[in-house]
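Undergrad: Here it is, the structure, as structure tokens.
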Amino acid sequence: MNVLVIKLGALGDVILALPAMAAIRRHHAADRITILTTPAFASLLRKSGYADEVITTARARPWQVVQWLKLAATLRRGHFSRIYDLQMNDRTCLYFHLFWPLGKPEWVGIARGCSHALPMAEFHRLHAFDRHVAELSLAGVPEIPQPDMSWLESDLSRYALPADFALLVPGAAPGRPGKRWPAAHFGELAKGLQARGILPVVLGTRHEAEAASVILMACPQARSLVNQTGIEDIAALARKARVAVGNDTGPTHVIAMAGCPSLVLFSGESDPAESAPRGARVEILRQSPLSGLAPDTVLKMLGKLIAEA
């Protein structure tokens, strides 16, 4: 059997889909699996071992006819007999119709007329991870366990970190400032962690450089790894860290899925019932606006996570 798995992005959504991909790989151990994703996640998914091949597509605009024709040709050449649509949005539902006029393969998802359809009422009430559980059960794939993330590995010696450190993730999508807990609050939190003998380590891209500066001004002992880590580094750091705290953003999903006890901060701009990170130990604090969430409240919750680890 030739099997196609579709997951385009974004980072947090891809991380939430890894358990489903692992379950599909086990279920189709004797079959050939291809993952269709966007270029940003191709390298990550190749390393996972969940597919024999990873192919990419751009998110073509409706008027980019040539791009759509190329994608249709790619899908048809694959001779796929079953497709798992883990993206399950309007775009990938259109992909279902790109097989016309050929016979359509088995399709597991929400596309109208597909062979294994997840009812829309059920789709809308479920968390993203639980949607995958419900979707795969329609195709006979058993319960999805927490995956082994050890394939996301990195040499951490270059960071020269002590045994006791905590990860701070002050970032979020650049266009969503309401999802960010204030950097000054992260600074107060860093001071509280340092007082407990736990080194605060700040993660992020170049967009978090200013936030990292604010945190280090409040707690000069903290370490900034801003713009120094890839996904593999973040996962490896998560396996060593005592605890992590971050906003609702992709790296926080990586950290939680890697097994680090994680506290995730939500504002009113996203709903943890739909998109909270999943992992062995994840706690949620939500307040709107997020700036009203006091550092003492976060530090108290982190202390509980540390004690229970």
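Undergrad: What do you get for the angle between helix 295-308 and the principal long axis of the chain? Use alpha-carbon atoms, 0 to 90 degrees, nearest ten.
TA: Compared with the principal axis, the helix lies near 70 degrees.
Undergrad: Here's another thing I want to ask about it. How much net charge surrounds Leu290 when only other residues with a Cβ under 12 Å from its Cβ are counted (Lys, Arg +1; Asp, Glu -1)?
TA: Neighbour charge sum, excluding Leu290 itself: +2.
Undergrad: Still on this model: Considering Cα pairs under 8 angstrom that are at least six residues apart, work out the relative contact order of the stretch 46-171 and quote it in whole percent.
TA: Relative contact order of the stretch 46-171: 16 percent.
Undergrad: About the Cα centre of the stretch 2-138, what is the dipole size in debye to 20, counting +1 per Lys and Arg Cβ and -1 per Asp and Glu Cβ, all else neutral?
TA: Once rounded to the nearest 20, the dipole reads 340 debye.
Undergrad: Would you please give the residues with an amide H less than 5 Å from that of Thr56, counting only those at least 5 places away or on a separate chain, with H modeled from the backbone geometry?
TA: Long-range HN contacts for Thr56: Thr37.
Undergrad: Report, to the nearest 10°, how far helix 39-48 tilts away from the longest principal axis of the Cα atoms in the chain, using its own Cα long axis and a range of 0 to 90°.
TA: Long axis of 39-48 versus the principal axis of the chain: about 90 degrees.
Undergrad: Quick one: how many lysine pairs does the chain have with C-alpha atoms less than 25 Å apart and a gap of 8 or more or different chains? Give me the count, please.
TA: Qualifying lysine pairs in the chain: 14.
Undergrad: Report the Stokes-Einstein translational diffusion coefficient (µm² s⁻¹, integer) for the stretch 1-46, Rh taken as the Kirkwood radius over Cα pairs, at 4 °C with viscosity 1.567 mPa s.
TA: 119
Undergrad: Have a look at the stretch 109-261 and give its Rg and Dmax from the Cα atoms, expressed in angstrom.
TA: Spelled out, the Cα radius of gyration and Dmax of the stretch 109-261 are 18.7, 59 Å.
Undergrad: Let me ask something else about it. If you fit an axis through the alpha-carbon atoms of helix 183-195 and take the longest principal axis of the Cα set of the chain, what angle between them do you get, 0 to 90°, nearest 10?
TA: 60
Undergrad: In whole Hz, what ³J(HN,Hα) sequence does the stretch 100-105 give by Karplus (6.51, -1.76, 1.60; θ = phi - 60°), x for Gly and Pro?
TA: Karplus values, whole Hz, x for Gly and Pro: 5, x, 5, x, 6, x.
Undergrad: Continuing with the same structure: What distance in nm separates the simple spin-label points at Met217 and Leu138, each placed 7 Å from Cα in the Cβ direction?
TA: In this crude label model, Met217 to Leu138 measures out at 5.2 nm.
Undergrad: Given H placed on each backbone N at 1.01 Å, which residues far from Phe266 in sequence or on other chains put an amide H within less than 5 Å of it?
TA: When sequence neighbours closer than 5 places are left aside, the close amide H contacts are Leu285, Arg286, Gln287.
Undergrad: Also, I was wondering about something else. Give the relative contact order (percent, whole number) for the chain; include only Cα pairs under 8 Å separated by 6+ residues.
TA: Across the chain, relative contact order equals 16 percent.
Undergrad: Provide the per-residue ³J(HN,Hα) series for the stretch 130-136, in order, calculated from phi with Karplus coefficients 6.51, -1.76, 1.60 and θ = phi - 60°, each as a whole number of Hz, with x at glycine and proline positions.
TA: Taking θ as phi minus 60°, the curve returns 5, 4, 5, 4, 5, 4, 5 Hz for the stretch 130-136.
Undergrad: So if we plug the beta-carbon distance of Thr297 and Met120 into 1/(1 + (r/R0)^6) with R0 = 25 Å, what FRET efficiency do we get, rounded to 0.05?
TA: Given R0 = 25 Å and the Cβ-Cβ separation, E is 0.10.
Undergrad: Hey, another quick one. What residues qualify as long-range amide H neighbours of Gly259, i.e. H under 5 Å apart, gap of 5 or more or another chain, H built at 1.01 Å from N?
TA: Ala280
Undergrad: Let me ask another. Would you kindly derive the ³J(HN,Hα) couplings of the stretch 281-286 from the backbone phi angles with the Karplus curve 6.51 cos²θ - 1.76 cosθ + 1.60 (θ = phi - 60°), listing them in order in whole Hz, with x for Gly and Pro?
TA: These are the phi-based 3J(HN,Hα) values: 8, 10, 10, 10, 10, 10 Hz.
Undergrad: What is the antiparallel percent of DSSP beta bridges lying wholly in the chain, to the nearest 5?
TA: 0
Undergrad: For the stretch 1-139, just say rounded, prolate or oblate: build the C-alpha gyration tensor, square-root its eigenvalues into a ≥ b ≥ c, call rounded for a/c under 1.5, and beyond that prolate if a/b exceeds b/c, oblate if not.
TA: The shape class here is rounded.
Undergrad: Shifting gears a bit: Could you work out which residue, out of Lys47, Lys104, Lys70, moves most in a Gaussian network model of the chain, that is, has the largest mean-square fluctuation with Cα springs under 10 Å?
TA: Among Lys47, Lys104, Lys70, the largest GNM mean-square fluctuation belongs to Lys70.
Since every read-out is calculated from the coordinates, none of them should be taken as a lab result. Everything quoted here is computed from the prediction, not taken from an experiment. Neighbour counts run over all protein chains shown; Cβ positions are idealised from the backbone, glycine included.
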